[in-house]
Amino acid sequence: MRNQSNPAVEAAFLNVQDAAKYMGISVNTLYVWRHRRQGPPSFRMGPGGRVMYRRDLLDAWLSEQQQADSRSNPALNPLNKVPQQRERRRAA
């Protein structure tokens, strides 16, 4: 059987359901992020005001999230930093 891709996921603009599927998260999570203004950029399109996402902006947002995570970005990993020395107290 030939590997068939989903044309909705390959589109430049994704609705909430397709964006959630593309990112591997639930639709509810995407709605909560949108409400809190924490998630990827979205906009309303058309006369019904349907919430849409641009796939290139989803990719950029996901990349930013990956770079902000210390497990993905060695520069942010606290184990890669030089330990700080404590200042010793002198007896009074």
| remark: Here the net charge surrounding residue 43, from other residues whose Cβ is less than 11 Å away from its Cβ (Lys, Arg +1; Asp, Glu -1), is +4
| Roughly speaking, what is the stretch gain from residue 73 to residue 50, that is 0.36 nm per residue apart minus the C-alpha to C-alpha distance, in nm to one decimal? | 4.7 nm
| Of the trypsin sites (Lys or Arg not before Pro) in region 34-67, those whose Cβ has at most 14 other Cβ within 10 Å and which sit in DSSP loop | 37
| remark: residue 43 and residue 66 label points (each 7 Å along its Cα→Cβ direction) are spaced in nm at 2.5
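Laboratory data are not the source of any read-out in this text; all were calculated from the coordinates shown. Note that the structure is a prediction, hence the values are computed from the model and not measured. Virtual Cβ from ideal backbone geometry, glycine too; neighbours counted across all protein chains shown.
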